[in-house]
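First the structure, then my questions, so here it is.
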Amino acid sequence: MKKTLYAEFTAREGAQDDVARLLEDYARKVRDEDGNLAFHVYTKASDPRAFWIFEVYRDEDAFRAHLKAPYGAPFNAALVPLIEEDASVLTFLDEVD
């Protein structure tokens, strides 16, 4: 069963370009993961500081492998001071048949 989620966070005032650059590099790495099926980065049309990332992984094992990737912790460490939240807010999704 696919593992699908979206992550959301809000860039601090003046940090949205830094967040976008950080996400651009991270997205390339995640998209290269064997079990990643989608990693799409969006900003909210009415608030360009609000970022939403839609992610799909082949299955739970692929998602766990993603969490263990060596670039994940450095990405999150660099992201946290740039966003308003303490961390990305994750929402897991189930597909409706």
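In the stretch 1-65, which strands (runs of 3 or more DSSP E) lie fully inside it and hold 3 or more residues that are over 13 Å from the mean Cα position of the chain (by Cα)?
47-57
Determine which member of the set 27, 50, 69, 7 is surrounded by 13 or more Cβ atoms within 10 Å (Cβ to Cβ), touching a residue at least 12 places away in the same chain (Cβ under 8 Å) and out of contact with any strand residue (DSSP E or B) (no Cβ under 7 Å at 6 or more places or on another chain).
69
Is it fair to say residue 74 is over 15 Å from the mean Cα position of the chain (by Cα), closer than 19 Å to residue 16 by Cα and not basic (Lys, Arg)?
no
Anything in the stretch 30-43 that is buried (at least 16 other Cβ atoms within 10 Å of the Cβ) and under 16 Å from residue 63 (Cβ atoms)? List them, or say none.
Answer for the stretch 30-43, where residues must be buried (at least 16 other Cβ atoms within 10 Å of the Cβ) and under 16 Å from residue 63 (Cβ atoms): 30, 33, 35, 36, 39.
We did not get these values from a lab; they are worked out from the coordinates using the rules stated. This structure is a prediction, so every number in the text was calculated from the model and none was measured. Every residue, glycine among them, receives a Cβ derived from its backbone with ideal geometry; neighbour counts consider all protein chains shown.
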